[in-house]
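The values are calculated or read from the model by the stated rules, or taken from the named source; none is laboratory data. Not measured: the values here are computed from a predicted model. Cβ placement follows ideal geometry from the backbone for every residue including glycine, while neighbour counts extend to all protein chains displayed.
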């Protein structure tokens, strides 16, 4: 499946806020959003007022880029959310948060979702003791996500755990940094998801 391989800092600048795509750099003064807080390109500083459709599109693009998904993947999650009971927009964000690569990032075992996705693909993690190498795997309440014993001394793991030691973990997750594992203690609620996007705009866009 195709994936974006260009400069990720441009994506953050286009959305006008940090999407934390660059790992540790996003928490420093070198972050591109802090240094050049305007969209990239020669017309970046002269953009006109955004239309209603433009606002809806930006909300969708931000969510896609935040979780590192392409349009087909994102639309599939939207259909799943629409078929569930409850509020579609909130269901969508909950599904995205439950992805294994996102949980690995949230637990602080990777410096970015892109790094987490690569580590999952390379077989670094187990879920309830069984190896899972599918980044889109949807974790459930009670699942235990752990770094495999033979991978715990890898530099990429040790560096990520060290870098993210002070980063807060969402209350729906529980982390054990000593044993490099975490647990899904409950399903995430909307207030637990720090994504600054109006999910209602995404629903409005797909409902047209």
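Observations, loosely collected:
Yes/no per residue for (1) surrounded by fewer than 22 Cβ atoms within 10 Å (Cβ to Cβ); (2) outside any loop (DSSP other than H, G, I, E, B); (3) at positive phi:
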| residue | (1), (2), (3) |
| --- | --- |
| 109 | no, no, no |
| 162 | yes, yes, no |
| 170 | yes, no, no |
| 187 | yes, no, no |
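- Number of the exception - residue 113 against (1) surrounded by 13 or more Cβ atoms within 10 Å (Cβ to Cβ); (2) modelled with pLDDT under 95; (3) over 17 Å from the mean Cα position of the chain (by Cα): (3)
- When residue 156 is tested against the conditions (1) assigned to a helix (DSSP H, G or I); (2) closer than 20 Å to residue 69 by Cα, the lone failure is (2).
- Condition check for residue 71 on (1) more than 24 Å from residue 152 (Cβ to Cβ); (2) in contact (Cβ under 8 Å) with a residue 12 or more places away in the chain: one failure, at (2).
Each row is one residue, and each column tells you yes or no for (1) within 16 Å of residue 113 (Cβ to Cβ); (2) outside the structural domain of residue 91 (by TED's automatic domain parsing); (3) touching a helix residue (DSSP H, G or I) at 6+ places or on another chain (Cβ under 9 Å).
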| position | (1), (2), (3) |
| --- | --- |
| 147 | no, yes, yes |
| 160 | yes, yes, yes |
| 170 | yes, yes, yes |
| 181 | no, yes, no |
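- Test for residue 56: is it more than 12 Å from the chain's Cα centre (by Cα) and either within 30 Å of residue 151 (Cα to Cα) or in a helix (DSSP H, G or I) (or both): yes
- The residues of the range 73-103 that are under 26 Å from residue 163 (Cβ atoms) and not in a helix (DSSP H, G or I), listed by number, are 98, 99.
- Residue count, the range 152-184 (criterion: in contact with a strand residue (DSSP E or B) (Cβ under 8 Å, 6 or more places away or on another chain) and either free of Cβ contacts under 8 Å to residues at least 60 places away in the same chain or closer than 20 Å to residue 98 by Cβ (or both)): 12
Residue-by-condition table, conditions (1) over 16 Å from residue 170 (Cα atoms); (2) in contact (Cβ under 8 Å) with a residue 40 or more places away in the chain; (3) assigned to a helix (DSSP H, G or I):
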{"residue": "105", "(1), (2), (3)": "no, no, yes"}
{"residue": "118", "(1), (2), (3)": "yes, no, yes"}
{"residue": "123", "(1), (2), (3)": "yes, no, no"}
{"residue": "134", "(1), (2), (3)": "yes, no, no"}
{"residue": "146", "(1), (2), (3)": "yes, no, no"}
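- Screening residue 134 with (1) within 25 Å of residue 75 (Cα to Cα); (2) outside the structural domain of residue 78 (by TED's automatic domain parsing); (3) surrounded by 16 or more Cβ atoms within 10 Å (Cβ to Cβ) gives one miss only, at (3).
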